[in-house]
Each structure stands twice: as C-alpha cells, then as structure tokens.
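Here the structure comes first, spelled out in structure tokens, and everything after it is commentary.
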Amino acid sequence: MVLAGVFTANASEPATANLAELALENALKTSALFSKLGVNQRLSLNIPVPALVKISVEDIVRRTVRLAKNGLAIDVPEERIVNDLKLAGELSKKLEPINVRLAIDNFGRAYSTLAKVEEMRFETLKLDKLFVADCGTDMVNAPLCKTVIDLAHNFGRYVVAFGIEKAAGAVALVSMG
C-alpha cells in the first residue's frame, strides 16, 4: 500500500489537478451507485485548493453522473483556505447550485480565528484529531470542543470530529452534539 502523501508529495500542479479530476469522477460514480442501493450519504473528497481552482467541478459533475440528492462535500484544509475567504466564498457560491459543498478539514490546526466562522461559507467543520484528543477527560480540550461545536451549530454548520480513540471521548462528543 502506498499512501497518497507519498506519491503526491512531489507531484506537479497539473498532475495533482488530473488526479483530483479522476478522484472527483470516481466519487461521483460511487455516490450514484450508493444512492441506487439506498445508501443516501454525502460523500466527502479531499481536493487541494490549487487543483480545485484549476479543474471545472461543475463540468465534471454535469458530464459524469446525476449527483445524488445528498450531494458531495469537498474537503479543503483550513490552513490553505482560511487566509483567502474571498476565494472560499467564490468557490462555495459556484458549487452550491450543483449540490457540492465545501468542508473545512483539520479545523483548529492552523490557529484560525473562530470569529471568522460567520464569514466562511462551509457546510461542515471537521475538527482535527489533535483538537479532540481526550475531550472526554481533558480539562482544556473538553470546553474547547464544546465551544467550537456550539459555535458551528449556532451558524448552522455541521461538525465532524476525527481521531476519537477512547469511548469516553466518543460519548463526550455525542453529548456535545
């Protein structure tokens, strides 16, 4: 098995864009197959911001397959998009009509200003595993997680947490919403 970071580490921007286009086409086809099987789940796909800017997501969605009603989420790393909220807004506005949403990946890792959440046109905040580590017992992470989850919900956003390793953390996060 070769991890993506290994074979894409030195890939050129055109090669990365080609890989992103292939991944998007396959995700769309998979979503359609899942929908036919009654699995109506929004699939999520990581695409680097430079590739996302270069490829025509709208054209790929329109020519590949009719997008399932749950649509598709494209994860963009917080550290790559939070400093260009104008670009984030433009991408979101362009993708929303075709039922493709942006999700902030690794939220909290880049020390983002939480006050900017209102300006961000994203459907989902995906909390990085370092942010949620031991959130069931840690006196610092628990209130931070609760605050970020409440903040996201107050702006009508969804929250996903990665890296839950203990049952206590899972129970705590579920109770936090």
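The values are calculated or read from the model by the stated rules, or taken from the named source; none is laboratory data. Note that this is a predicted model, so its numbers are computed, not measured. Cβ placement follows ideal geometry from the backbone for every residue including glycine, while neighbour counts extend to all protein chains displayed. Only protein heavy atoms, including side chains, enter the accessible area calculation; ligands, DNA and RNA are left aside. Shrake-Rupley method; radii C 1.70, N 1.55, O 1.52, S 1.80 Å.
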Looking only at residues in the range 75-131 that are open to solvent by 60 Å² or more (accessible area, probe 1.4 Å) and within 17 Å of L144 (Cα to Cα), which one is modelled with the highest pLDDT? K129
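Consider L91 carefully, then state whether it is in a helix (DSSP H, G or I), under 20 Å from E119 (Cα atoms) and either of a type in the set (S, T, N, Q) or within 18 Å of the chain's Cα centre (by Cα) (or both).
For L91, the condition - in a helix (DSSP H, G or I), under 20 Å from E119 (Cα atoms) and either of a type in the set (S, T, N, Q) or within 18 Å of the chain's Cα centre (by Cα) (or both) - is met.
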Hey, does the range 48-60 have a residue that's of a type outside the set (K, R) and more than 19 Å from A17 (Cα to Cα)? no
Output the number of the condition that L28 fails; it satisfies all remaining conditions of (1) at pLDDT 90 or above; (2) within 17 Å of the chain's Cα centre (by Cα); (3) of a type in the set (A, V, I, L, M, F, W, C). (1)
Checked the range 43-57 for anything within 18 Å of the chain's Cα centre (by Cα) and in contact (Cβ under 8 Å) with a residue 40 or more places away in the chain; matches are S44, N46, V57
Could you list all residues from the range 136-177 that are open to solvent by 80 Å² or more (accessible area, probe 1.4 Å), in a loop (DSSP other than H, G, I, E, B) and aromatic (F, W, Y)? F162
